[in-house]
Amino acid sequence: MDSHRVNPFNQRVIEEFRANGGRVGGEFAGQSLLLLTTTGARSGLPRTTPALYLPDGPDRLAVFASNGGSPTAPAWYHNLTAHPLATVEVGTRTYRSRAVEAAGEDRDRLWALQVAAHPQFAAFQERAGRRIPVMVLTPWSARVQPSRPQRGICSLP
């Protein structure tokens, strides 16, 4: 049996989010909040956590592995690096996504936008003593693309 428990605060946020079409009150009222369900890096079990996100174009959402300024990254970050496919709930929409860690100028641009929108992230960075990873979530489809015959190769019936 799995001994993992969602902390009571996160559990209340998850329940409120799902009961109210993706809206929550309290400290997250009016914030861009999503629910991220990852696959546990060690357990292989689903793990759901609320996270602030930054929209970046029509099909990209950035999430920030700040862990409130902790010196260690949150479990969801480790889960995504081990298993990059996840489920995202935004508002009333739920979809599968693929996570990729932003790097270089893209990471720096997203980080600067997040700090401008949520200044507490600058304090998180200072407290953490580590470079906070930025993960980009994009929709993912399991549909297999039809294969095209390679040039110069014919297939026999």
- prompt: By how many degrees, between 0 and 90 and to the nearest 10, does the Cα long axis of helix 8-19 differ from the longest principal axis of the chain?
  reply: 60 degrees
statement: With no solvent term and unit scatterers on the alpha-carbon positions of segment 23-103, Debye gives log₁₀ I(q)/I(0) at q = 0.13, 0.17, 0.18, 0.25 Å⁻¹ of -0.40, -0.69, -0.77, -1.40
- line: Placing one equal point scatterer on each C-alpha of the chain and summing with Debye, one gets log10 I(q)/I(0) at q = 0.12, 0.17, 0.20, 0.21 Å⁻¹ equal to -0.56, -1.04, -1.44, -1.57
- prompt: For L113 and S43 in one chain, what is 0.36 nm times their gap in residues minus the Cα-Cα distance, to one decimal in nm?
  reply: 21.8 nm
- prompt: Where q = 0.24, 0.25, 0.30 Å⁻¹, what log10 of I(q)/I(0) comes from the Debye formula for segment 65-122, counting one point per Cα?
  reply: -1.20, -1.20, -1.12
- request: Please report, in debye to the nearest 20, how large the charge dipole of the chain is about its Cα centre when each Lys and Arg carries +1 at its beta carbon and each Asp and Glu carries -1 there.
  value: 460 debye
Largest to smallest accessible area among D106, D59 [probe 1.4 Å]: D59, D106
statement: FRET efficiency for Q11 and A123 from the Cβ-Cβ distance with R0 = 22 Å, rounded to 0.05, comes out at 0.30
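The values are calculated or read from the model by the stated rules, or taken from the named source; none is laboratory data. Because the structure is predicted, anything quoted here is derived from the model rather than measured. Glycine gets a Cβ as well: all are built from the backbone with ideal geometry, and neighbour counts include every protein chain shown. Keep in mind that these areas ignore ligands, DNA and RNA; they rest on the heavy atoms of the full protein, side chains included. Shrake-Rupley method; radii C 1.70, N 1.55, O 1.52, S 1.80 Å.
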